[in-house]
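Trainee: The structure that follows is given in the form of structure tokens.
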Amino acid sequence: MNSLRRFLAVALVFAATTAHARTFEEIKKAGTIVIASEGAFPPFNHFEGPKLTGFEIELAEALAQKMGVKVEWKALSFDALLAGLRQDRWDVVIASFGITPERSKAVTFTNPYYCSGGIIVAKDPAIKTVADLQGKVVSVQTGTTYLENVQKLPGLKAMKNFPKDTDARAALVAGRVDAWVTDRFVAMQALKADPKAGLRTGDFVFVEKIAPAVQKGNTSLAAALDKALAEILADGTYEKISKKWMGEDIRCR
């Protein structure tokens with residue numbers, strides 16, 4: 001019995017390590033691509049009632065249409081998305097992931113579909129620059145480049161991280177932190193949605209390029225996504241979706 005258990009354990013490890021991500025050819029044959037997002041990062045991806053929507057959701061649907069497949073959506077916490085991708089639980093992650101050297105070791109990024117960065121948001125008009133954050137408490141979302149970059153800042157009193165970016169924002173609105181670092185467009189949406197909250201935007205902490213992520217080495221799927229992105233950038237589809245959700249064309253220039 002012990003020998004059988006050892007054999008099964010080895011077999012399971014071998015199966016896990018030899019499992020491979022679906023190529024674009026396999027996805028097209030199946031007719032459905034599985035895309036994971038967070039669903040809690042408006043206006044990029046969020047729920048309106050039971051419906052998952054936002055800039056990235058419509059963009060992904062447009063990419064899938066160009067690729068000739070339908071989308072099966074998965075929504076879960078931001079910090080679980082890339083881990084699930086590496087376990088082949090879905091084909092693509094589209095959830096405002098910035099391209100970083102560390103992430104690029106674990107996954108393959110396609111060409112970026114928008115450029116943005118982490119911006120300072122505060123109630124106090126005196127908090128505008130990175131230097132102004134010294135001695136302050138700053139909120140960020142767990143698992144994000146905002147957290148990574150805020151951690152590098154000198155002289156902070158404290159950094160508080162939250163599972164959702166909306167929780168990080170709520171901490172600022174409630175006065176539990178002095179500043180919030182988030183995406184520029186998310187900040188703009190927050191100010192527009194709740195002008196009475198008294199939030200103000202400051203400088204960039206960093207600038208980044210945002211792209212879909214696929215399993216490391218899945219070049220066929222990355223190439224298919226790049227081709228589809230180039231097509232929607234050229235035919236006006238991207239601009240239409242971007243202006244609907246963001247009020248401007250946010251492609252990388």
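Trainee: Would you tally the net charge around residue 86, using a Cβ to Cβ cut-off of less than 15 Å, leaving residue 86 out, and scoring K and R as +1, D and E as -1? Can you show the working numbers first?
Mentor: Details: positive: 22, 74, 89, 103, 105, 216; negative: 79, 88, 91, 102.
Net local charge, residue 86 excluded: +2.
Trainee: Sorted from fewest to most neighbouring beta carbons within 10 Å, what does the list 204, 44 look like?
Mentor: Going from sparsest to densest Cβ surroundings: 204, 44.
Trainee: Which value in nm describes the separation of the simple spin-label points at residue 194 and residue 170, placed 7 Å from the Cα toward the beta carbon?
Mentor: Distance between the two pseudo-spin positions: 0.9 nm.
Trainee: Estimate the FRET efficiency between residue 128 and residue 76 by the formula 1/(1 + (r/R0)^6), using the beta-carbon distance for r and 51 Å for R0, to the nearest 0.05.
Mentor: Efficiency at R0 = 51 Å is approximately 0.90.
Trainee: For the chain, what is the mean residue ellipticity at 222 nm derived from helices alone (per DSSP H run of n ≥ 4: -39500 (n - 2.57); sum divided by total residues; nearest 500 deg cm²/dmol)? Before the final figure, lay out the partial values.
Mentor: Working: 10 runs with 104 residues, N = 253.
Helices in the chain give a 222 nm mean residue ellipticity of -12000 deg cm²/dmol.
Trainee: Calculate, for residue 87 and residue 153, the FRET efficiency according to 1/(1 + (r/R0)^6) with r their C-beta to C-beta distance and R0 45 Å; round to the nearest 0.05. Working shown, then result.
Mentor: Working: r = 33 Å, r/R0 = 0.73.
So, using R0 = 45 Å, E works out to roughly 0.85.
Trainee: Then there's this: Checking the a/c ratio against 1.5 first, then a/b against b/c, what shape does the Cα gyration tensor give for the range 115-208?
Mentor: Verdict is rounded for the range 115-208.
Trainee: Check the range 48-190 and count each lysine pair with an alpha-carbon distance under 24 angstrom, considering only pairs eight or more places apart or from different chains.
Mentor: 24
Any read-out appearing in this document is the output of simple, stated calculations on the displayed coordinates, not a laboratory observation. Remember, it's a predicted structure, so these values are computed and weren't measured experimentally. Backbone-built Cβ (ideal geometry, glycine too); neighbour counts: all protein chains shown.
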